[in-house]
1. Out of B:179, B:210, I need the residue that is of a type outside the set (D, E, K, R), farther than 17 Å from residue B:147 by Cα and surrounded by fewer than 17 Cβ atoms within 10 Å (Cβ to Cβ). Which one?
2. In segment B:83-118, which residues are open to solvent by less than 30 Å² (accessible area, probe 1.4 Å) and either on the phi > 0 side of the Ramachandran plot or of a type in the set (Asp, Glu) (or both)?
3. Answer yes or no as to whether residue A:135 is out of contact with any Lys or Arg (no Cβ under 8 Å at 6 or more places or on another chain) and outside the structural domain of residue A:179 (by TED's automatic domain parsing).
4. Is there any pair with a first residue in segment A:207-228 that is at pLDDT below 90 and a second that is open to solvent by less than 60 Å² (accessible area, probe 1.4 Å) and among the charged types (D, E, K, R) whose Cβ atoms are under 9 Å apart and which are 6 or more apart or on different chains, and what are they?
5. Please enumerate the residues belonging to segment B:57-69 that are among the aliphatic types (A, V, I, L, M) and surrounded by fewer than 22 Cβ atoms within 10 Å (Cβ to Cβ).
6. Among the candidates B:161, B:121, single out the residue that is touching a residue at least 40 places away in the same chain (Cβ under 8 Å), open to solvent by less than 40 Å² (accessible area, probe 1.4 Å) and over 23 Å from residue B:74 (Cβ atoms).
7. What do you reckon, is residue B:194 in a loop (DSSP other than H, G, I, E, B) and not assigned by TED's automatic domain parsing to the domain that holds residue B:75?
8. Mind listing whichever residues of segment A:54-69 are acidic (Asp, Glu) and farther than 12 Å from residue A:13 by Cα?
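The values are calculated or read from the model by the stated rules, or taken from the named source; none is laboratory data. All of these numbers come straight from a predicted model, not from anything done at the bench. Backbone-built Cβ (ideal geometry, glycine too); neighbour counts: all protein chains shown. In case anyone asks, the SASA skips ligands and DNA or RNA and just uses the protein heavy atoms, side chains included. Shrake-Rupley method; radii C 1.70, N 1.55, O 1.52, S 1.80 Å.
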There are 2 protein chains.
Amino acid sequence: MTYTSEYPFVYLTADVLAFALRPDTGLSVLLVKRGSPPYKGRWALPGGFVDEREDLVRAARRELREETGVSGRRLRLEQLGAYGAPRRDPRHRVVSVAWWTVLGPDVVPAAGDDAGEVAWLPVDELVGSRRMAFDHATIVADGLERLRSSLERSTWALTFLSEEFTVAELRSVYETVWGRPLDPGNFQRKVTGVPGLLEDTGRRVGSARGRPAGLYRPGPATEIRPPLARP
Amino acid sequence: MTYTSEYPFVYLTADVLAFALRPDTGLSVLLVKRGSPPYKGRWALPGGFVDEREDLVRAARRELREETGVSGRRLRLEQLGAYGAPRRDPRHRVVSVAWWTVLGPDVVPAAGDDAGEVAWLPVDELVGSRRMAFDHATIVADGLERLRSSLERSTWALTFLSEEFTVAELRSVYETVWGRPLDPGNFQRKVTGVPGLLEDTGRRVGSARGRPAGLYRPGPATEIRPPLARP
């Protein structure tokens, strides 16, 4: 493409920050290993250039699908923000619009086209580290803060879980993301008191401590009211 | 600027959504009347093209200053998000990074360079209306939602007020932004109970109902803990 203009222009990318809870690495982010310069061999968020007439969120969905195989109707992306520091890419002025989402425990990614390798890396090892390409460690840190505050009011916590879950499993999501233990009785009382948040399946499973625990599935609520306050 | 590349590129703008409470128009947004096409004569957010090596937030501050005369060290901008639908600008592919802020009651804007006219327009008349240029009515609607949720935890409400204020004036900010009446006693108890939120000046002013009310100024707190829950 060739263009002449009085205004400066930029290249535009869409990057996706996908969180999940993994049995081995805890709260983790889905990353791809860069197969070409710049930052060849470093871990990066799945993402790439936005096509000429492509909407921003569609570009994010496409890049996620192409690079990690993750897609689906139920995949919900929220915008985290634009990252546009003049030298964040050594080649040109590249502005990235970053999106975030939460993936369930059953998602199995697979490296696609441009990505040499795909992996879950624990969030703890990424924030503030120099292992990531571009300013992606900053995007992860910002996204983690957004995830933490979103859990107060939104139903994102449920997205980390299987279709059916116990209240203890839901509490564990909050404890892992917020990095703080929560009082079990207090938590149970609060979440079961939110209208439409949890639907009781009527079934029970044995728990570690021996007492059977109720199995729930997500209800129709789209918001947690009153909100859960982060300790 | 001339460039040839295999990747599509976009033009980048920074737009600023500045809220204030005005005696005549209530919760309002600072707008400029466009002096040139497209959308000539329509109201738009102050903003413009990002310079070649300019950081995004610096571009936003510069455009706000150039178009409205509003600037200052204490002006704090938060990013609202990127707006990049392919046809949001009839000329080219233009992506806007939108920022939001709150201005105090003493700010007096003045039309600058490119802006023919500058005015406060009430938020109520803008959301969902066709009076604004580009997708700026959508940006106002998104920003209003962000402002409403931010008031739960952030200290942005104080920025609407003069340096010294009564608790009733602070409550009025919340009531106006949230569009709901709040219980005066409950509100007073909550906000005066947040450590470091309000500093008592020790002075009092006569109130409308005759009882003198305490005058406060902002304390050192940067967050409202526990948060105020929106009704």
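1. Numbers: B:179 fails: farther than 17 Å from residue B:147 by Cα.
Exactly one of B:179, B:210 is of a type outside the set (D, E, K, R), farther than 17 Å from residue B:147 by Cα and surrounded by fewer than 17 Cβ atoms within 10 Å (Cβ to Cβ), namely B:210.
2. The answer is B:89, and nothing else.
3. Numbers: out of contact with any Lys or Arg (no Cβ under 8 Å at 6 or more places or on another chain): no; outside the structural domain of residue A:179 (by TED's automatic domain parsing): yes.
Judged against the criteria, residue A:135 is not a match.
4. Taking only residues 6 or more apart or on different chains, the pairs are A:225/A:153; A:227/A:152; A:227/A:153; A:227/B:152; A:227/B:230.
5. Listed by number, the list holds a single entry, B:57.
6. Working: B:161 fails: over 23 Å from residue B:74 (Cβ atoms).
From the options B:161, B:121, the qualifying one is B:121.
7. Numbers: in a loop (DSSP other than H, G, I, E, B): yes; not assigned by TED's automatic domain parsing to the domain that holds residue B:75: yes.
Spelling it out, residue B:194 is indeed in a loop (DSSP other than H, G, I, E, B) and not assigned by TED's automatic domain parsing to the domain that holds residue B:75.
8. Residues of segment A:54-69 acidic (Asp, Glu): A:54-55, A:63, A:66-67.
Of everything in segment A:54-69, those that are acidic (Asp, Glu) and farther than 12 Å from residue A:13 by Cα turn out to be A:66, A:67.
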